[in-house]
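Below you'll find the structure, written out as structure tokens, and then a few comments.
Bear in mind that the values in this text are calculations on the coordinates, not laboratory data. Remember, predicted model here, so these are calculated numbers, not experimental data. Glycine gets a Cβ as well: all are built from the backbone with ideal geometry, and neighbour counts include every protein chain shown.
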Amino acid sequence: MLGFANIGAVVILAFVIIVILVVPIWIIVTYNKFVKLRNNVDEGFSTMDVYMKKRYDLIPGLVETVKGYAKHENDTLTNVMAARYAAMNSATTEQRLDNENILQGALKSLFAVTENYPNLKADANFRELQTTLKDIEVEIANSRKYYNGVVKIYNTKRESFPSNIIAGIFNFHKRPMFEVDAPEERKAVKFSFSDNTTEVAESIKESPVAKKATKKQKNNSNSNKSESSSTNVSEKEITKTSNEENKNS
């Protein structure tokens, strides 16, 4: 009987020793893993940030070039510059990524509007800016894929048990994904120049900024359906007028 008691005491002692040795090792290994993953996330964002800043630098010259041919598009140009300012001065990473989506939508709308100005499309400086911006958008899309990949690994690790205990103790906070507003925006922005005004109108309607406005209109549709009907009529009139202008030109 005494022998069994001794065996039990030895087992308990051995278990305590293992716990004392293993738990600190596990904590150190898990902590270092989180540090590595966090650094990967920071690296991914920094790479993406380089290309986004290149886009910031390109936008003023692009807006000035468009302004020289399209003086009546002040609202569109103002929206682009406002979106650029908001993205550059975002307070948090989450705000920055949201504002980047808005900026991308504003740029898409700008290039859609330029379809109505043949002389602008023929401008050598404008075409050079358009090509450079297209290359930057491709780089942003590629770096976004890497960033989202490492963020997914990091967030999965911090939410899984038992590593979430270490994440909570050492304040490894959740990192935001860089998600676009709509499925069609998951591809790099394409700046193609055609003479089809219907495509231009559709491009403007499909931009994230336009979709946000449409969503707000839908929320108010129950209280004021007549406004929605008049808006649809106005869109048809605009498209019809644009087609007539295109034929006359």
Inset, instruction - Collect the residues in region 34-49 that are over 18 Å from residue 174 (Cβ atoms) and loosely packed, with under 13 Cβ neighbours inside 10 Å, keeping them in residue-number order. - result: 46
Legend entry - Identity of the residue in region 67-117, small (Gly, Ala, Ser) and in contact with a Phe, Trp or Tyr (Cβ under 8 Å, 6 or more places away or on another chain), that ends up farthest from residue 45 (Cα to Cα): 70
Inset, instruction - Kindly check whether there is at least one residue in region 21-28 that is surrounded by 13 or more Cβ atoms within 10 Å (Cβ to Cβ) and either assigned to a loop (DSSP other than H, G, I, E, B) or within 15 Å of the chain's Cα centre (by Cα) (or both). - result: no
Legend entry - Residue check for residue 78: surrounded by fewer than 18 Cβ atoms within 10 Å (Cβ to Cβ) and more than 27 Å from residue 150 (Cβ to Cβ): yes
Legend entry - Entirely in region 64-177, the helices (runs of 4 or more DSSP H) that have 1 or more residues that are closer than 22 Å to residue 50 by Cβ: 74-88, 93-113, 124-159
